[in-house]
Amino acid sequence: MKLYPNLAEAIANTVESLRKAKKMSKSSLADYADIERCYLRGIEKGARKPTVNTIFCLCEALQINPVDFFRMVMSELEKLNNNSS
């Protein structure tokens, strides 16, 4: 299986950016998404790799379409990969 070394960081940056744009605290996002606060902190640090179900819960809480979320992740991933080269 192919590995994407910057994927967790791209997801982390995207979630954090969207959360801050919505002026939400980590606690409120975790509550709205119905996930543990420590799990969200791990996601935003890039230390945890969320499941697709978790991403859908986060998208619902952030009021963003999952397709748009993944577009943002792909854009962030491209930036990170270009900086690594």
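For segment 31-68, a residue qualifies if it is part of a helix (DSSP H, G or I) and in contact with a Ser or Thr (Cβ under 7 Å, 6 or more places away or on another chain), and exactly one does: 37. Only a single criterion out of (1) under 15 Å from residue 10 (Cβ atoms); (2) without any contact (Cβ under 8 Å) to a residue 40 or more places away in the chain; (3) surrounded by fewer than 18 Cβ atoms within 10 Å (Cβ to Cβ); (4) within 12 Å of the chain's Cα centre (by Cα) is not satisfied by residue 50, namely (3). Among residues of segment 53-85 being at pLDDT below 95 and over 12 Å from residue 9 (Cβ atoms), the one that is surrounded by the fewest Cβ atoms within 10 Å (Cβ to Cβ) is 85.
The values are calculated or read from the model by the stated rules, or taken from the named source; none is laboratory data. Source: prediction; values computed, not measured. Positions of Cβ are backbone-derived with ideal geometry, glycine not excepted, and every protein chain shown enters the neighbour counts.
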